[in-house]
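Reading through the structure tokens given below for one structure.
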Ligand code: GAR
């Protein structure tokens, strides 16, 4: 069976990328292979994680006017079947998302449709959840379309909010209990479907 060719797009620390790399090593992710990691930030620690795992990397700054064209060119050159947004902090245009319809997935640190859409990313999501006083939050992996965080939901997992939580402690719990398991599981589900 041919494996799905996976490119992971990142912007920061890359703990979700690490979860994907570890899942490939352990066999949880076996229908796809991570062949390329692209960052819009040249100082993203995620790039170091990719290099340590022997994965090809590229940096394409999103400030450039032809950012999406360059991104598409790099992804096509790599013959990418599946694009995984793992802490990728750029909103992609409809031109881009329709080019790769049902071939882009994203992990978001809340139970969509709560605390999502433009402006909700990273710690801001957890800050908003704490301000609202929700007792349960979580993470979602979904297909990416032209609506920010609006594509079809693939997997979700709930995580308790605990008394005394800060955005940082809540972020960590949501990553540990939800994101790092959901994203590899969803990557395997979609890779298996693509490579059938
Ligand atoms: C993760 O919590 C991810 O869900 C979130 O940013 C963090 C990246 O961490 N993504 C978004 O908020 C996207 N809207 P990482 O770089 O350690 O994987």
query = Sorted from largest down, what three extents in whole angstroms do the Cα atoms of the chain have along their principal axes?
reply = 48, 39, 31
message = Quick check on the range 106-196: what does the Kirkwood estimate of hydrodynamic radius come out to from the alpha carbon pairs, in Å?
response = 13.3 Å
Debye log10 I(q)/I(0) at q = 0.21, 0.26, 0.32, 0.33 Å⁻¹ for the range 1-46, Cα point scatterers = -0.69, -0.92, -1.15, -1.19
ask   = What residue among 166, 140, 15 has the largest mean-square fluctuation in a Gaussian network model of the chain, using Cα springs under 10 Å?
value = 166
key: Size descriptor, Kirkwood hydrodynamic radius, that averages inverse alpha-carbon separations across the range 1-111, Å   = 14.1 Å
ask   = Over the range 1-41, what is the mean sequence separation of C-alpha contacts under 8 Å (at least six apart), divided by residue count, expressed as relative contact order in percent?
value = 62 percent
key: residue 63-residue 131 pseudo-label distance in nm [points 7 Å out on the Cα-to-Cβ vector]   = 2.8 nm
query = How do the peptides 142-152, 51-61 rank, highest first, by the average count of neighbouring beta carbon atoms within 10 Å per residue?
reply = 142-152, 51-61
request  = Given the options 41, 157, 135, state which has the largest fluctuation in a GNM of the chain using a 10 Å cut-off (strictly under) for Cα springs.
outcome  = 135
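Every read-out reported here was derived from the displayed coordinates using simple, explicitly stated rules and does not represent laboratory data. Just so it is clear, the model here is predicted, and its values are computed rather than measured. For neighbour counting, all protein chains shown are included, and Cβ atoms are generated from backbone atoms with ideal geometry for every residue, glycine included.
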